[in-house]
Every structure is written in structure tokens, then in C-alpha cells.
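First the structure, in the form of C-alpha cells, and then the observations on it.
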Amino acid sequence: MSSAVDGLVPRIEALVQEELCAQRRVLENLVRQENALTNADIASLEGALSEARDLAAGASPRESQRRMLLKDFERLWGVSAKSLTLGSIAARLGGSGRRLKRMRAELSDELREVGRTAARVRTFARYHQGVIREAVERVVEQEGGVASEGGTLINAEA
Amino acid sequence: MSGIGFNTGLKALLASQAALDTVGHNIANAGIAGYSQQKVLFNTSAPLNVRGLLIGSGVNAASIQRSFDSVLQGRIFSRQGIGSAFQARANSFGQIEEMFAEPNGFSLGKSMDGFFASASALAGEPGDTVLRTSMSQAAMDLTTVFNELASTMKTFDEDNGLQLKAEVNQVNDLAAQVAVLNEQIAETEASGIPANDLRDQRGIVIEGLSQVVGVKAIESSTGSVTVTVGGATLVGLKGAYKMSVKTGTGEAPKVKLAGVVGTIDVTGGSLGAHLEVSSTSLPKLDTELDKLAKEMIFQINKVHSTGVPGSGPYNLLVADNAIGDADGDGKFTDELLNNGSLPFDVKSGDLYVTVTETATGEITKHKLSINSKKTTMGDLAEALNDIPNMNAEIGSLGNLRIVSDAGFGYDFSPTLDTNPDDMGAFGGGKASLGTQGAGPFALADGQTLDFNVDLAGVPTPVSVNLSLGDFKDITEATAAEIAAVINADPSAQAAGLEATEVGGHLVVQTAGEGADEAFDVVGGAGLSGLGWGGFTGSTISGSDNSVAPVISGSFTGEGNGIYTFKPTGDGTIGTTAGLGVEVYDEKGDLVVTLDVGDGYVPGTDLTVANGVSVSFGLGDLSATQGDLFDLDVVSDPDTTDALVALGIGGLFTGSSAMDIGLRSDIELDPNMMAAAFSNAESDGGALLAMFGQKDAAQANLGGGTFDDFYSQFVGSVGFEASTAETAMNANNALLSSLQQQREQVSGVNLDEEMTNMLRYEQSYQAAAQYISAVNQMNDAVLNLI
């Protein structure tokens, strides 16, 4: 293996590690959201959502780093960056790619868990949202307005 | 594992649904009085044990709890009871105040002023028929206002009684509702479900109950409340107990609860206030109004009954008030005047009766003594019957009826006897011998008084035996007792020798008048006891002239008394130098010495004292022979109040605000109204005395005038009304503060509920959006993998 490749391996491993940590944080956040929803604890949900905004904000820099590193692999191996994956990079690296291969598996598991949790949270949130909308519409209609037209939701006299 | 996940999610959804339903319930009931905000309480579900691992199973909506402060609610119940009581009290006194309000109410003050003003006007011209009619009308107006006020207050009391019954029905209705709700709450909560809405409903009913009756509510462990009123259970664990009220005229209303012995002391709520008004305030006002009317009747009648009507002395009077047959023996004659059946008390004292001979205007005054502990109705009738030309009888209903003989009239006025020397014992034409001193006289059994009367030139002996049995105590014989013995003696009667008592003195006279009349004082052991020992062998002669004193004026002094007139020596009126007449009062004190000697023109008025004047005719006076005459001077002809008590000659009839009236014969003929204290047409003395009562201090009215008492009376009504209103406002402020506190604890804030919902909605939306973002983000990472 060339010294140029040797320089890229730690970088890709660091990038995957960073993504793995990010996904773990997302998972933890989703679990908090799920708990907040199941406990109807709006304050916890709001706290979790606030943290989620920070987590989402971190995704973009990681994406940029990932794109730059794949370009470096493209230049080194003459293979299009779009066709490169962590699996193909680990295979090309041979023995040097074993650690990356293991990390890839961990990341894959983490993403699967994030996906499942996210699906549950989305279901809960959509359900709650539907009930709330229905309740708001009922109240707005009682107040003489039409929810879809944007009536006065707050009884200022109460 | 997926089963556990699904179960966890389902529980969460159900919990969330309960929370949202509760928010919706709060919003829907936000405007309903008594609704308490509800909140969902969550708890964590028991974890599942899966092959030794404890796996969380989500959350449950454990219960929906009312935001409720029972202590605060208790204070609100209490305040509502108090506030409602003040409100009812303020309303009641406001209505009473309107009755007395001047000038739109019954204007009792104005009527009293009108009555006294008309008395004052008539006093100036007592003969004016228009003014008489006007006063009669004013008196009638005054009685009408009293009657209407009393009647309106009675109606008010009756209405209050009906209100009490309606409120008791309301209490029973509300208590029954509480009992039903108690059952429903206990049943619901026994199954573990909090009966929040039923509790709110029950709270509203108890609030209503508290406003009517003022209650205390204590909750038991089963969720039932026990409601008590005045310490007795109204709603217990086994249901409601029926409340009842007994009302009746003149009786304080009584509230009872089924199963409770005795009455319930209800002080709170509108029922408590109406009970207080009926049992205390209204009777007190009635009493005060009656007191005013009764004192007005007493004071005005006391004056009026001793006056002389414009038409002259009475010929017939029937007492308005009948004596009661207190001992139930069917007779009135044996009833004490003071047996308690008359509306006013009879006191010990004197009653002066004046009898007037209509043709001549000649009057005679008679004093009747009344002992409040001894004098019976029969005694009074008999004493009146004993007065010449007067007849009295007790009617079948116990009313005294007094009639004068034809040609005579009578009254009870303080008028002075214009010709007080009826007997001619003061320089009269009769041969007359009087004692120097007033009795008693020390006589002895068996003594005699021996005279010889010249009957047309024939000496006729008279020997009067003084026997022990004719005297109460012969050693202290009174002039009246001796006179009775002499007048009863056949020899004295045959000789025409008469005896009389004048101011305690004994006077012996011939029946006829003139210089030819004479009697000799022969002897007898009794003469020395009378101080006549020095006259033994003397002849007492009559005269062709008669001094015949004439009294004029009105007595203006205080109290009742006697003026005794005695010559200072022997001589002829207007001729004998230094001849005078001494006037003594009843205590024996010299009042004045009148110069009737040389220079006095017979018939000239001489001032005695206190408005009394006297004139003397030509004649001879003899101090030696004990010439004298007495004059009753009277300021109060009825110190016994018997006339007022019996309702004889009064202006008003009745004894209370309800029955006060104008005497019917005065209503028909205003001339029957007594204006004077004498027979003089221009005399308005009685009217002035009645007018004087306007500003007189009335001891029975706390020492103030009628007007003072009435002003205080009206003022107290106004004070009660304003006090109740102030207390009500203060209580309302406190209640409002407590209700605000309750709103903070229990009330639904619609803004808050809506804001919560929007916050939930936004958060759920944000969560859903975040999931989309995560998915997008992770798609890129998945592509990399």
C-alpha cells in the first residue's frame, strides 16, 4: 500500500467514528423524544427537540468532510467518488481496511436502530398532532371561527 | 420484543388521548360556574419481566384529578352564607326604610307635626269651627298613618313568613339534590374512578344551599358530604332530613329538622336573615312604633280627658276601655282598677270631678281618692254616684258609663270653683260658728254639744250626743265625723242646725240666712274639745249681707292643693280699717294677706297667687267665729291616670299603632273636642297643653320628645339598612377575593389551555419534521455504507 493510501485510512476511520457517535446521539435524542411522547411530557419533548436542532446542524459539516475525503480516494484510485462506499473502500484497503469494515458494521446497526426509533417517534408525533388538530378545530368552531381559515384560537377574555 | 414495543406505544397513545380529552373537557367547561379544572395524572406502568430482564412498559393515565382546594371552598360556602344573609337583611331593612321615608313614605313625622300645629292654631281661636274641623282631620290623619304603618309592617311580616316557607322548600330541594349526588359520587368512586364532574355539581348545589341557609359541609372518606345547619345534620350519610318552619302572627318563626328535638338556630343565608328580621328586628320595630303611639295616646288623652269640650261639660261619657273580669266571677264591680286588664296603669291619687249646673253655670268640685291597690271598679262607680247629680254604672262588657242629671253637666277639668263658699261659712248670711283650728279634736264618749236655735222667735234646744261608736277614735275626732253626728241628730234636724267640714274645720250653721237667723251656744262638755268653750252663753247671729267670695283666673301653680281663706279679724268688708284676709296653702303656709278693709271696693279682684284672683262682696267677717272657706287649686285633676286607663274623655282611642283612632263622637262633631280647662269660650288651655306635649320630654320614650323618639326610630332603621349594606359589600369583596383564589386553583384558563394545545401541536409537528430530517440525513449515510 502506498503512503498516500496510508494517509487516507485514518481520516476515513475518524470520519466513520464521528458519524457513529453522531448517530448514537441522534438515537439517544430520539429515545428521549419517544419517552417524552409516551409520557405526554411536553417540556421534555421540547428539550429533546432543541437538542435535535443542534444535532441536525452537525450533519452538514460531516457531509462536506465526507465528500472531500471521497474525492481524495477518487484521485488516488481513479474511481468515481459516487461509486465509492465504506464497504468497497475497506475491500480495496485489504488488511488495512479490517478496522474500517468493523466500524462500517457498527454504523450500519446504529442507523438501523435510528431508523426504527425514528419511525416510532414519527408515528406517535403524527398521532398526537392529529388529535390536537381535531381538538383545536373543535374549539375554534365553538368560538365561531373556521380552523382552516385561521380563526382566533385564544379567548382573550378568559 | 416487538410485542412489548407495540404495547408501550399503545399505552402512550391512550395516555395522550386522556390528556387531550381532559384539555378539551376543561375548555368546554371553561365558562361554567363551579367547574374545577381537571388534570391527568400519569404513572409508570409496571415493568414486564422477560427472562429475568425488567422491561419498561410505558405509561398509564392513572387518574384525572380536579384542581380543588377544599379549605378554600369551605370558606367560600361560609362567606356565601354570610353574604346572602347580609343581602337579605339589607333588602328587608331597605323595604322597611321606604315605609318610613319622608316625604314619600307614610310621613309619620309630618303627621305628628301637622297634629301639633293644628292644636296650636286652634288654641288661639278655640271657637273657630273650621280650625276645629282641621284639628279633628289632623288627628284622624295621624291615627291613619299609625294604623297604616302598623298594618304595612304586619303585611311585611306575613310576606316574610311566606318567604321563609319558600326558602325552607328550597333548602329541602337542594338538600335532596346533595343527597342524590352523594350517592352517585360514592358509587362512582367506589369503582376507583374519581367523580370529578359530580363533585363539581355537588359543589354548585351546596353553594346554592349555603346562600339560602348557611351550611357547613364535611366530606367523608367515601366521598359523601355531611351538610349541617345550626349544628344539626341536614344531609347525612343516609340522605337528607326535611326542614320545616312554623310561622304565626305575633310568634317568632321556628325552624325544625326532622328527627331533631327542638328548634334549629339558623343564622346564615337569606333564611337566617329573614328569620332574624321576623323574630327580632321586626318585633322590635313594632314595639317601638307601638310605644310611640301608646305614649302619644297617653299624653294627649291625659290632657284631653281633663279638658272641657267646646260644647260644654259632658252629659254622657262611656269609657272606651273595659275592665276585665280578672277573677272570672262574672262581675266587674270587684275588679281592682289596676287589675292589669286596662291598657294603662292606674295610680294612687286624686280625681277631681267638676259638676256644673247648666242654667246657672254654678260648679261644684269633688275630689275622689283612688288607691291603686284597693279601689275597685265598683268603688269608683259608687264614688261617682255619690256626687250629687252624677250617675255611674258599669256596662255588661265592663265599660264605665257616666251620666249627669238633666240640667247638669260634668267634666274633670282643673277649672277653679268660682263660688267656693257654698256653705256661706265666710261672712255668709247664715248664723255660723267655725272652729279656729282644723281637727282632729279631742272629744270623749258621752259628751254633748248643746245649742238653742231661734226658730221664728221660738227657742228650740239642740243637744247632740257624742258616742264612741260614731268615731274611729273619739279622742281624735275629725270635723267630718262630728259634722255627720250633728247632721244625724234629730234635734239638730228639727231646729235646722247644720254642720259641715271646711278644710278640717267644723262649721255649725243655721239653715236660713239673714239678720234674724241666730243660735245660742248653750254648753256641753264637747264644746271645750272644739275650742268653743269661750262661746258658752253667746248668741251667733246671721247677716243680711253675704260676702260671697268670687274666684277668677286659672291655677298655674304646680301640683294640687288647697287655698284656705281666713279673715284677720272681725269687721266689715271695705269699711273696717286693717281688715284683711289671709290665704294659706295646704301645708299651712301663708300665701298672701289681702287687704279688704277700709278702701277696698267690694267686688274688686285681688290677686292671690299662681293665676288665682278673688273678689269679695259687702259683708261682715268674723275671725272670732271661725269664718273661712277653702278653694281647691288643681293643676292635674287626675293624678291617678284612671281617666286615660279607662278611656274616658280622651281624644284618641286604642293603645297601640294598630288600633289608635279618633274618638268617634269627636270625629262626628269636632265640638266635642276639649279645648279648654274651664267653661270659658275663649279658653284654649287644653289645646295649649296638648301642643306643649310636642316639645315635652317623655320619660317613657327615654326622656326625648315624640319627634326625638321618632327620629331615632327612623334613624335606627336607616342605620340597620346601611350597616347591612356595608357589611354585604365588605363580605362581597372578601368573597370575590376567595373566588379569585379558587379560579387560580380550580378555574380553567382558556388561553392557557389553547396555548398548551398549540404548544403540543407545534412540538409534535417539530418532532415529525425532525424525523424526516433524520431520515434524509441517514439516507446519505446509508448510501455511503
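The values are calculated or read from the model by the stated rules, or taken from the named source; none is laboratory data. Note that this is a predicted model, so its numbers are computed, not measured. Quick reminder, even Gly has a Cβ in these numbers, built from the backbone with ideal geometry, and neighbours come from all protein chains shown. We work out accessible area using only protein heavy atoms, side chains counted, and drop any ligands, DNA or RNA first. Shrake-Rupley method; radii C 1.70, N 1.55, O 1.52, S 1.80 Å.
Some observations on this one:
Conditions tested, residue by residue: (1) farther than 25 Å from B:S120 by Cα; (2) at pLDDT 85 or above.
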position: B:M673; (1), (2): no, yes
position: B:A680; (1), (2): no, no
position: B:G718; (1), (2): yes, no
position: B:Y760; (1), (2): yes, no
position: B:V774; (1), (2): yes, no
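- Listed by first and then second residue, the pairs linking a residue in the range B:111-139 that is closer than 14 Å to B:K694 by Cα and open to solvent by 10 Å² or more (accessible area, probe 1.4 Å) to a residue that is in a helix (DSSP H, G or I) and among the hydroxyl-bearing types (S, T, Y), with Cβ atoms under 7 Å apart and 6 or more places separating them unless they lie on different chains, are B:S118/B:S134.
- B:I363 fulfils the conditions (1) open to solvent by 40 Å² or more (accessible area, probe 1.4 Å); (2) at pLDDT below 95; (3) not small (G, A, S) except for a single criterion, (1).
- Among the residues making up the range B:486-498, those that are open to solvent by 20 Å² or more (accessible area, probe 1.4 Å) and of a type in the set (A, V, I, L, M) are B:A488, B:A494.
- Search result, residues across the range B:685-734 that are within 30 Å of B:I76 (Cα to Cα) and either of a type in the set (K, R) or crowded, with 19+ Cβ neighbours inside 10 Å (or both): B:V717, B:E720, B:A721, B:A724, B:M728, B:N731
- When B:V215, B:V277, B:V227 are screened for being buried (at least 23 other Cβ atoms within 10 Å of the Cβ) and under 35 Å from the mean Cα position of the chain (by Cα), only B:V277 passes.
- Within the range B:524-576, the residues that satisfy the criterion of being open to solvent by less than 50 Å² (accessible area, probe 1.4 Å), under 30 Å from B:G349 (Cβ atoms) and of a type in the set (S, T, N, Q) are B:S552, B:N560, B:T564.
- Positions within the range B:282-308 being of a type outside the set (A, V, I, L, M) and either open to solvent by 10 Å² or more (accessible area, probe 1.4 Å) or free of Cβ contacts under 8 Å to residues at least 40 places away in the same chain (or both), in sequence order: B:P283, B:K284, B:D286, B:T287, B:E288, B:D290, B:K291, B:K294, B:E295, B:F298, B:Q299, B:K302
- Considering residues of the range B:240-262 that are polar (S, T, N, Q) and modelled with pLDDT under 90 only, the residue most open to solvent (accessible area, probe 1.4 Å): B:T249
- The set of residues in the range B:522-552 being touching a Gly at 6+ places or on another chain (Cβ under 7 Å) and outside any loop (DSSP other than H, G, I, E, B) consists of B:L527 alone.
- Qualifying positions in the range B:380-417 - open to solvent by 50 Å² or more (accessible area, probe 1.4 Å) and touching a residue at least 12 places away in the same chain (Cβ under 8 Å): B:P388, B:N391, B:E393, B:L397, B:R401, B:D405
- Residues (over 21 Å from B:G559 (Cα atoms) and of a type in the set (S, T, N, Q)) located in the range B:360-418: B:T360, B:T375, B:T376, B:N385, B:N389, B:N391, B:S396, B:N399, B:S404
- A single entry from B:N182, B:N169, B:N196 fulfils the requirement of being surrounded by 19 or more Cβ atoms within 10 Å (Cβ to Cβ), polar (S, T, N, Q), at negative phi and at pLDDT 90 or above: B:N182.
- Meets criteria (assigned to a helix (DSSP H, G or I) and either facing chain B (nearest Cβ under 9 Å) or among the small types (G, A, S) (or both)) for A:E34: yes
- Figure legend. Inter-residue proximity from the range A:108-125: first residues more than 7 Å from chain B (Cβ to nearest Cβ), second residues assigned to a helix (DSSP H, G or I) and acidic (D, E), beta-carbon distance below 7 Å, spacing 6+ or different chains. Indicated pairs: A:T117/A:E34.
- The one condition in (1) buried (at least 22 other Cβ atoms within 10 Å of the Cβ); (2) at pLDDT below 85 that B:A101 fails to fulfil: (1)
- B:L237 in contact with a helix residue (DSSP H, G or I) (Cβ under 9 Å, 6 or more places away or on another chain) and open to solvent by less than 80 Å² (accessible area, probe 1.4 Å): no
- All strands (runs of 3 or more DSSP E) inside the range B:360-418 with 2 or more residues being within 20 Å of B:L342 (Cα to Cα): B:363-370, B:390-394, B:400-404
- For B:T639, the test of being within 17 Å of B:I297 (Cα to Cα) and touching a residue at least 12 places away in the same chain (Cβ under 8 Å) is passed.
- Residues satisfying the stated conditions in the range B:614-638, i.e. modelled with pLDDT of 95 or more and hydroxyl-bearing (S, T, Y): B:S615
- Exclusive hit being in a loop (DSSP other than H, G, I, E, B), closer than 24 Å to B:P414 by Cα and touching an Asp or Glu at 6+ places or on another chain (Cβ under 7 Å), set B:S635, B:S613: B:S635
- Total residues in the range A:2-31 satisfying the condition of being within 14 Å of chain B (Cβ to nearest Cβ) and aliphatic (A, V, I, L, M): the figure is 9.
- Within the range A:96-107, the set of residues being among the hydrophobic types (A, V, I, L, M, F, W, C) and free of Cβ contacts under 8 Å to residues at least 24 places away in the same chain comprises A:A105 only.
- Restricting attention to the range B:425-451, the residues being in a loop (DSSP other than H, G, I, E, B) and surrounded by fewer than 24 Cβ atoms within 10 Å (Cβ to Cβ) number 12.
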